[in-house]
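The structure under discussion appears below in the form of structure tokens.
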Amino acid sequence: MNQNWMIGSAMAIQKIASSLFSSWFGSLADSWEAECRVKNMDIRWNRGRLLVVTLGLGLSTVATLMHSLGSLWLSSYHVNGNEDSQQTSVPMLILAYHFFLRALYATGVAASVPVLDGMTLAQLERDGRGTAEYGKERVYGAISWGIANVFFGPAIDKWGFKTLYYTTMLSFIWCFVTFYLYAKSNQTPSSEVVIDDAMRNNNTVGLDGAIEYLEESMRLLHVSQKSCNRNDQPTQQKLGLRMILHMISQQQTPVLNLSYIAALFMLWIGMSVVENLIFLFFEFLGGSNVLCGLTVAVTVLFELPIFHYAP
């Protein structure tokens with residue numbers, strides 16, 4: 001049985017699931033963030049977004065680990081003599097199981113990556129750096145991505161794809177601890193703590209220091225309230241859809257606008273094919289996983305200056 005359609009179908013299901021749920025998870029993150037509890041000036045920054053990111057991370061982790069059950073299922077199917085000597089076909093039930101896991105994995109990624117970008121932008125605003133610094137923050141992610149793929153290439157060649165199951169668990173634990181520390185560190189002290197500290201500071205550094213301390217706390221509260229009220233504004237997904245509909249409805253330049261949308265659509269088709277199938281092509285040519293990892297590292301080298309200098 002030709003397996004090419006299986007690979008293409010799995011990639012298509014993953015892309016469809018990501019497209020369907022990405023906007024919904026973004027709206028959910030905005031909604032949860034807007035409902036953040038403001039009691040006695042106790043502001044927990046990005047708590048709603050963190051919950052959505054953690055949910056997505058958990059879904060994608062479970063989906064990845066459950067692939068191991070499918071592999072055991074397929075191995076048992078072959079051992080029981082249900083396949084010919086070549087063992088090239090996959091039972092439809094096992095194939096449907098893997099398709100479901102790909103959709104679940106893509107759903108988790110759709111909940112994590114866009115919302116994580118929103119968290120980064122919100123943190124940049126809080127730190128007073130501005131959203132133009134977003135590219136410089138992406139530099140660290142690109143470096144980590146390149147290093148990880150250089151490691152995974154030889155690791156998969158030596159120990160097989162089972163390596164992914166162990167590293168997935170370690171990555172989930174590491175991210176969960178990181179999110180916990182981030183949530184704990186990004187909160188404004190309560191009003192009672194602010195006043196008590198100000199009174200204690202008044203005894204040591206004077207009244208001016210206490211007043212300055214309170215003013216800074218009130219500034220942080222004002223910024224946090226603006227962040228929580230962003231849900232009243234249209235989400236970026238809704239704005240993007242409205243922009244496309246507006247471009248289509250323009251009577252002066254409808255052909256030009258439709259041509260732009262069509263060109264963008266075709267561009268993403270090409271990017272999707274290259275991004276998803278390039279490593280399969282390398283494998284077809286006889287390339288190793290080490291080579292695939294190195295190609296990612298080369299890509300990262302070109303990304304670094306773009307992320308650093310682009311606004």
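Derivation of every value follows stated rules applied to the coordinates shown; laboratory data play no part. Everything numeric here is computed off the predicted structure, so don't read it as measured data. Cβ: placed from backbone, ideal geometry, glycine included. Neighbour counts: every protein chain shown.
What to note about this one:
- In this rough spin-label picture, where each label sits 7 Å from Cα along the Cβ direction, the residue 176-residue 147 distance is 2.3 nm.
- Computed over neighbours whose Cβ is under 14 Å from that of residue 21, the net charge equals +2, Lys and Arg +1, Asp and Glu -1.
- Integer Hz, Karplus 6.51/-1.76/1.60 couplings in order for region 289-305, x for Gly and Pro: 5, 4, 4, 4, x, 5, 5, 5, 4, 5, 4, 5, 4, 7, 6, 4, x
- Difference of contour (0.36 nm per residue) and Cα-Cα distance, residue 258 to residue 126: 43.7 nm
- Take 165-176, 293-304, 98-109 and order them by the average number of nearby Cβ atoms within 10 Å per residue, most first; the result is 98-109, 293-304, 165-176.
- Working note: Karplus 6.51/-1.76/1.60 with θ = phi - 60° gives region 10-22 the couplings 4, 5, 5, 4, 5, 5, 5, 4, 5, 5, 5, 9, 4 Hz, where Gly and Pro are set to x.
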